[in-house]
Amino acid sequence: MSALAPAADAPDASAANESVMQSVSDAITQATRTASDHAARVGRAVADAGPVVLQSASRAAYTSTYFLAYGVVYPVMFVAQALPRQNAVMKGLRAGGQAATDALRARGSI
């Protein structure tokens, strides 16, 4: 009878093995779906982030240029206009600017 006992348990063991294999298969299928869903969400997030990064870079460039134009150039021009025109510094700046312009015209750059 001991030889028949394992044979009687064999269908139960086979059913248990099949149940375990089905559980493993279901788990792998669910993991695959979850990974695919997560990859799709990440892809959408990256696609949505592209315009935001471009807008941020554009805003940084605009702000930097605005600061340079109004924060640096205008104060320098204000100080230059406030200086007396008939002194050695202003005459030197005017002569240097004229010499630079003449040199560019001679090269054909202007």
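The values are calculated or read from the model by the stated rules, or taken from the named source; none is laboratory data. Note that the structure is a prediction, hence the values are computed from the model and not measured. Heads up, the Cβs are rebuilt from the backbone with ideal geometry, glycines too, and the neighbour counts pull from every protein chain shown.
In this structure, is Ala49 modelled with pLDDT of 80 or more and out of contact with any His (no Cβ under 6 Å at 6 or more places or on another chain)?
Values: modelled with pLDDT of 80 or more: no; out of contact with any His (no Cβ under 6 Å at 6 or more places or on another chain): yes.
It is false that Ala49 is modelled with pLDDT of 80 or more and out of contact with any His (no Cβ under 6 Å at 6 or more places or on another chain).
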Checklist line | Filter result for the condition that a residue is at pLDDT 85 or above, hydrophobic (A, V, I, L, M, F, W, C) and either part of a helix (DSSP H, G or I) or at negative phi (or both), over Ala8, Ala57 | finding: Ala57
Margin query: Condition (residue is at pLDDT below 80, under 30 Å from Leu93 (Cα atoms) and assigned to a helix (DSSP H, G or I)) applied to segment 64-80: is it met by at least one residue?
Written below: yes
Notebook entry, point to check: Is there any pair linking a residue in segment 83-110 that is at pLDDT 90 or above to one that is aliphatic (A, V, I, L, M), with Cβ under 6 Å and at least six apart or on different chains, and which?
Noted result: Leu104/Ile110
